[in-house]
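What follows is one structure encoded as structure tokens, with my remarks underneath.
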Amino acid sequence: MSKPLEGITVLDFTQFFAGPIATLMLGDMGAEIIKLENPPLGDATRYNLSIKNEKSSNFTTRNRGKKSVAMNLKDEKQKAIFFEMLKTADVVIENGKPGTLEKYGLTYEAMKAVNPAIVYTSVSGYGQTGPYRTHAAFDGAVQAEGGIISVTGEDENHGVRCGAAIADAAAGLVGCIGTLGALYDAKRTGQGRRVDIAMMDVMVTFMENLISAYCAEGRVAKPMGNRMYTASPFTDFLCGDGKINNVEDIVKHPQVAARNMLVDVIYKDGTTFKVPGAPIKMSDLEEPENYYCPTVGGDTFEVLSRYIDEDRIHEVYDDVLLKIAEETAKKYHP
């Protein structure tokens, strides 16, 4: 049973949350996601939240089903290998501060010269343009900057951040959508596009009618708890079981089980995590019973053997992979 993005290759420079969610969704639809991780430690989320057998639930949740290749862009030999991979890739995605990849020569123009059909997607806090483009972005800060906190909570003196990282998550999902649109056009015309997604822009979109109502009437929305400006009665009501679902309730929820929204992720050493499954359901899209998750650079030889000969892989990567093993061991056992 084929998947809609089967045959699509994504070179993934993302880490933390917003970018990895975008590539996760593309992978769920069949794209091969090759996560390019800066050695020796790779994605920072490998080292926080629930740690089991030197593996993190945080990283696992966002990176199930991907492959990992070590890629240090400061090393000219490794950067040259990236450009070899680029020749047959479909998408490059990153979520660093604007200019991060460009300082290593990975501009859209340089990529397009190698592969005119490449789609280059950036997910950042404030976008590639504008006075805030270089500002560091964290989910809570962007929720505040984008106005979400100003309308969340019980009163205007105590704004409340949404408990889930919605600025990151929403930007990642919009990044996936933008990438798909550009990819469709690239397959049709042979010409790729530069896709620029900002967490701030997405928060403005999510504020939708609260913004348009202000523009029409000058009314500044304020927190209303569980009430709503445009509907009544609309608030919280005591239900028969007196319960709002918490994390434990969700995990045990029969609808979550029926929709296969909890899946197992298994590392090569047998370490297993249970994480949220794929939210995109469609006909003839088979969902695996379990997913693979990589260690830092764990797929370097398997993936790069498609692009360069084995001797060159050993020349460039033997010392790199040894360093990864040494430094990650120190990280977990200082």
Provide the gained length on full extension for the span Tyr184 to Thr205, in nm with one decimal, where the gain is 0.36 nm per separating residue minus the Cα-Cα distance. 5.2 nm
Given a Förster distance of 51 Å, the FRET efficiency implied by the Cβ-Cβ spacing of Glu315 and Leu238, rounded to the nearest 0.05, works out to 0.15
Total formal charge among the other residues, if their Cβ is under 12 angstrom from that of Val263, Lys/Arg +1 and Asp/Glu -1: -1
Can you say what percent of the DSSP beta bridges in the chain, counting only those with both residues inside, are antiparallel? Round to 5. 25 percent
Residues with beta-carbon under 11 Å from that of Leu304, excluding Leu304: net charge, scoring Lys, Arg +1 and Asp, Glu -1? -2
Which value in deg cm²/dmol, rounded to the nearest 500, describes the helix-derived mean residue ellipticity at 222 nm for the chain, given -39,500 (n - 2.57) per DSSP H run of n ≥ 4 and division by the residue count? -11000 deg cm²/dmol
For the chain, calculate the relative contact order in percent as a whole number, restricting contacts to Cα pairs under 8 Å that are 6 or more residues apart. 22 percent
Under 25 Å between alpha carbons, and skipping anything fewer than 8 positions from Lys52 in its own chain: which lysines qualify? Lys35, Lys66, Lys67, Lys252, Lys268, Lys274, Lys323, Lys330, Lys331
Filtered GluC sites (Glu not before Pro), the range 5-97: DSSP coil and at most 13 other beta carbons within 10 Å: Glu6
What is the ratio of the Cα radius of gyration of the range 130-197 to 2.2 N^0.38 Å, with N the residue count, to two decimals? 1.49
Using a/c under 1.5 as the rounded threshold, could you call the range 33-74 rounded, prolate or oblate? The axes a ≥ b ≥ c are square roots of the C-alpha gyration tensor eigenvalues, and prolate needs a/b larger than b/c, oblate otherwise. oblate
Can you give the Kirkwood hydrodynamic radius for the range 143-281, in Å, rounded to one decimal and based on Cα pairs? 18.9 Å
With +1 on the Cβ of every Lys and Arg and -1 on the Cβ of every Asp and Glu, and nothing else charged, how large is the dipole of the chain about its Cα centre, in debye rounded to the nearest 20? 320 debye
Above 39 angstrom, tally the Cα pairs of the chain and express them as a % of all pairs, no decimals. 19 percent
Rounded to the nearest 10 degrees, what's the angle between the helix 310-332 long axis and the longest principal axis of the chain, both from Cα atoms, 0 to 90? 50 degrees
Could you tell me how far the Cα centroid of the range 57-128 sits from the Cα centroid of the range 219-285, in Å? 32 Å
Relative to the chain, whose Cα atoms define the longest principal axis, helix 18-28 and its Cα axis are tilted in degrees, nearest 10, by 70 degrees
With R₀ set to 22 angstrom, the calculated FRET efficiency between the beta-carbons of Ile280 and Ala257, to the nearest 0.05, is 0.75
Rounded to the nearest 0.05, what FRET efficiency is calculated for Thr129 and Ala80 with R0 set to 35 Å and r the Cβ-Cβ distance? 0.70
Can you give the extra length, in nm with one decimal, that the chain gains between Met224 and Val114 once fully stretched, where that is 0.36 nm per residue apart less the Cα-Cα distance? 34.3 nm
Would you compute, for the Cα atoms of the range 203-333, the largest minus smallest coordinate along each principal axis and list the three values in descending order, in whole Å? 69, 41, 40
Give the residue list of trypsin sites (Lys or Arg not before Pro) in the range 216-275 that are DSSP loop and have at most 15 other beta-carbon atoms within 10 angstrom. Arg219, Arg227, Lys243, Lys252, Arg259, Lys268
When we measure straight from the Cα of Lys187, which lysines land under 17 angstrom away, once same-chain ones fewer than 8 places off are left out? Lys3, Lys87, Lys112
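Quick note: the coordinates plus some simple rules give every number you see, no bench work behind them. Remember, it's a predicted structure, so these values are computed and weren't measured experimentally. With ideal geometry, Cβ positions are generated from the backbone for all residues, glycine too; neighbour counts draw on all protein chains shown.
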